[in-house]
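Engineer: Questions regarding the structure given below will be posed in turn.
The numbers here are math on the coordinates, done by the rules we state, and not lab data. Bear in mind the structure is a predicted one, so any value in this text is a computation, not a measurement. Note: ideal-geometry Cβ built from the backbone for every residue, glycine included; neighbour counts use all protein chains shown.
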Amino acid sequence: MARKITVVVETGKDLFSCFMSGADDLDFGLHGDGKTARKAIEDFYIARDEMKDFYEEQGREFPELEFEFVLDIGAFFSYYPINVTAFAEYVGMNASQLRQYACGLRTPTTKSIERIKKGIALVTSDIAAGHLIDKPVPQYV
């Protein structure tokens, strides 16, 4: 059974980076970086594959790991194709402030993070409840 490892994806000044968290008992660490959150995660998996190859070369068995990626605010808006301003307006937040969080200029408080998480839950439930038409509009008339 695979061991679950949390991987934090964070926004930096010019790059996104990701790193393993809470795996201090392993004798290696993995990290990745890139211009987008997706690129940083791709780089993380490249590092994992390189470590697997190294273990194989050493005649050692690489542990079976399952990664759970946790994204900060900037990484979230980089990873998912969501317009920050439109999201802020939809959930009733200050768009300028949320853009500053998303680009890493300001660090959100715990209260702000909770508000953003509630906004994500609202959007998720609204999308899940949405119904798209199943045929062109003229066929309904």
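Engineer: So between GLU50 and THR36, what do we pick up on full extension, going 0.36 nm a residue minus the alpha carbon distance?
Structural biologist: Details: separation 14, 0.36 × 14 = 5.04 nm, distance 2.11 nm.
Answer, rounded to one decimal: 2.9 nm.
Engineer: Just how many pairs of Lys in the chain have C-alpha atoms closer than 25 Å, counting pairs that are eight or more places apart or on different chains?
Structural biologist: Value for the chain: 11.
Engineer: Just checking my list [x] 12.8; [y] 9.0; [z] 32.9 against mean projected area of the Cα convex hull in nm² computed from this structure; which label fits?
Structural biologist: Evaluating mean projected area of the Cα convex hull in nm² on these atoms matches [x].
Engineer: Enter the angle in degrees (range 0 to 90, nearest 10) between the Cα long axis of helix 37-57 and the first principal axis of the Cα atoms of the chain, meaning the one along which they spread out most.
Structural biologist: Compared with the principal axis, the helix lies near 20 degrees.
Engineer: Still on this structure, I have one more. Under a 5 Å amide H to amide H cut-off, with H placed in plane at 1.01 Å, what residues pair with ILE5 once short-range neighbours are removed?
Structural biologist: Correct list: GLU66, PHE67, GLU68.
Engineer: With label points built 7 Å along Cα→Cβ from the Cα atoms of ASP14 and GLU57, find their separation and express it in nm.
Structural biologist: Simple spin-label model gives 2.9 nm for this pair.
Engineer: P(r) for the range 82-129, please, calculated from all Cα pair distances in 10 Å bins and given in %.
Structural biologist: P(r) for the range 82-129, in whole percents per bin: 27, 58, 14, 1.
Engineer: Related question: Provide the per-residue ³J(HN,Hα) series for the range 15-27, in order, calculated from phi with Karplus coefficients 6.51, -1.76, 1.60 and θ = phi - 60°, each as a whole number of Hz, with x at glycine and proline positions.
Structural biologist: 9, 9, 9, 9, 8, 6, 10, x, 10, 5, 7, 6, 8
Engineer: Which whole-number percent is the relative contact order of the chain (Cα, under 8 Å, 6+ apart)? The partial results should precede the final answer.
Structural biologist: Values: 172 pairs, mean separation 30.1, N = 141.
Across the chain, relative contact order equals 21 percent.
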